[in-house]
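Only one structure is covered here, and it is reproduced in the block below.
The values are calculated or read from the model by the stated rules, or taken from the named source; none is laboratory data. These figures come from a predicted structure and were not determined experimentally. Glycine gets a Cβ as well: all are built from the backbone with ideal geometry, and neighbour counts include every protein chain shown.
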Amino acid sequence: MKVLVVNAGSSTVKYAVVESDSGEAVADGIVDRTNLGDTRMIARAGVGPGRRAERPAPELSFAGEALRAIARELVEGRTAVLESLDEIDAVGHRVVQGGEAYTEPVLINEKVKDKVRELSALAPLHNPVNLAGIEAAQALIPARPHVAVFDTAFHSTMPTWAHLYPLPVDFARERLIRRYGFHGTSHRYVSERARRMLGDPGRFKVVTAHIGNGASLAAVRDGKCVDTTMGMTPLEGLMMGTRSGSVDPALVVYLIEKCGMSAKEVDSFLNKKCGLLGVAGVGSGDLRDILAARAKGNERARLAFDMYVYRIALGIGAMAAALDGADAIAFTAGAGERSAELRAAVSARLGYLGVSLDPARNESGSGDRDVSADDARCRVLVIGTREDILIARETARVAGGLA
């Protein structure tokens, strides 16, 4: 089955055309840095020369615009792989928040879209964009099944003591207040890949570190999530590109009562104006921009990086505690995969877990790899997250059941 995978995120729209039987992506690409003013479109098909296209794309600042451009590229562009969109058998969509309603992939209908819209309150930066991607793709490919694969599903195995907040239990349950976790498709793929890379041990404990514009950690034992850093919304947990991560809850009251913000303004402030962006005061919250400013001696960028590293290291320690130790830490996503400087700085704080990097391995090489020193007790892996493969596989399973 040929599946178009759509992953509309907070600052990117990724896509892939995947043959679900083989897991091969015949084309993929990204519209990167949407809404940051310097949006670019990168498209790939195969691995040969002349099969890559990259261009500035400031006009593609919204998911719907990006999807239409992606469709044109797949059929008419330099990296075209389709005669027409009719060759697509099904479309799989990453959806961030499924709440307690969706712990498995589901065929998208109007009821599902209404629920995704309703759950936007729990994922304000993501569900609206996910929904825009769904509706744009349905308009482009209306005659094929569209399937939602939810980030929160992987974390539904968290034990009750991990997913509940210390609130009155009946009050919380009646209002669906709990920790849901996010980046689940990434954490699931990476934890499965890490296990295979280390010889498929019978018992396996890994901390997966999805470090991109959004960032989260997960504690995974034998393929099941037992804890994660994000909570009821993607705002909880680590310091991120523009999100504050966890702060004193009373800060919200302070911002409203003492700083004159409305609830909506507080939500926007903590989600869009804090994190690396807020601390560094550099043009965006992209780690690449922070590192560039830091290299030029910008002290606020240096502070932002130090805070970022510190909080990631603290989070990994907490996830290792949930697992009673860790066999491996697997870095993934944009910064996790590409920044050797970040991996080195975080790992330097984790010697007590048995982490020790080989500098040469960490700073060079490509693809999925072990960058640990030979004698490290806890392995450090770099794994390219392939959410597209997992989403395609799940989409084919659901869509295939319609036959």
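Computed quantities for the displayed model
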{"read-out": "Residues of the range 277-303 classified as more than 13 Å from L342 (Cα to Cα), more than 23 Å from the chain's Cα centre (by Cα), part of a helix (DSSP H, G or I) and not aliphatic (A, V, I, L, M), total", "value": "2"}
{"read-out": "Tally of residues being farther than 23 Å from V91 by Cα and without any contact (Cβ under 8 Å) to a residue 40 or more places away in the chain across the range 126-166", "value": "5"}
{"read-out": "Check on L217, surrounded by 24 or more Cβ atoms within 10 Å (Cβ to Cβ) and of a type outside the set (D, E)", "value": "yes"}
{"read-out": "Subset of the range 45-68 that is within 18 Å of V5 (Cα to Cα) and out of contact with any Gly (no Cβ under 9 Å at 6 or more places or on another chain) - its residue that is modelled with the highest pLDDT", "value": "R68"}
{"read-out": "Filter result for the condition that a residue is in a loop (DSSP other than H, G, I, E, B) and free of Cβ contacts under 8 Å to residues at least 40 places away in the same chain, over R179, R196, R203", "value": "R203"}
{"read-out": "Qualifying residue in the range 169-176 (condition: under 20 Å from E387 (Cβ atoms) and either assigned to a strand (DSSP E or B) or basic (K, R) (or both))", "value": "no"}
{"read-out": "The one condition in (1) assigned to a helix (DSSP H, G or I); (2) over 22 Å from G214 (Cβ atoms) that G325 fails to fulfil", "value": "(1)"}
{"read-out": "In the range 122-175, residue farthest from the chain's Cα centre (by Cα) [restricted to those that are surrounded by 15 or more Cβ atoms within 10 Å (Cβ to Cβ) and of a type in the set (V, I, T)]", "value": "I141"}
{"read-out": "Criterion violated by A139 - all others in (1) at pLDDT below 95; (2) touching a strand residue (DSSP E or B) at 6+ places or on another chain (Cβ under 6 Å); (3) of a type outside the set (S, T, N, Q) satisfied", "value": "(2)"}
{"read-out": "Filter result (in contact (Cβ under 8 Å) with a residue 24 or more places away in the chain and over 19 Å from F182 (Cβ atoms)) within the range 312-322", "value": "A313, G317, A320"}
{"read-out": "Residue ID - modelled with the lowest pLDDT, chosen from residues in the range 14-37 that are assigned to a loop (DSSP other than H, G, I, E, B), of a type outside the set (S, T, Y) and more than 15 Å from the chain's Cα centre (by Cα)", "value": "L36"}
{"read-out": "Any chance V6 is at pLDDT 75 or above, in the same structural domain as A80 (by TED's automatic domain parsing) and among the hydrophobic types (A, V, I, L, M, F, W, C)", "value": "yes"}
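For every residue, the table says whether it meets (1) among the acidic types (D, E); (2) in contact with a Gly (Cβ under 7 Å, 6 or more places away or on another chain).
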| position | (1), (2) |
| --- | --- |
| M197 | no, no |
| P201 | no, no |
| K205 | no, yes |
| T208 | no, no |
| A219 | no, no |
| D222 | yes, no |
| P234 | no, yes |
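Here is a yes/no grid of residues against (1) in contact with a helix residue (DSSP H, G or I) (Cβ under 7 Å, 6 or more places away or on another chain); (2) β-branched (V, I, T):
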site	(1), (2)
L277	no, no
L291	yes, no
A295	no, no
L323	no, no
S347	no, no
G354	no, no
S364	no, no
V380	yes, yes
I383	yes, yes
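Let's see how each residue does on (1) under 16 Å from G245 (Cβ atoms); (2) out of contact with any Phe, Trp or Tyr (no Cβ under 7 Å at 6 or more places or on another chain):
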residue	(1), (2)
R302	no, yes
I312	yes, yes
G317	yes, yes
L323	no, yes
D327	no, no
S339	no, yes
A345	no, yes
A348	no, yes
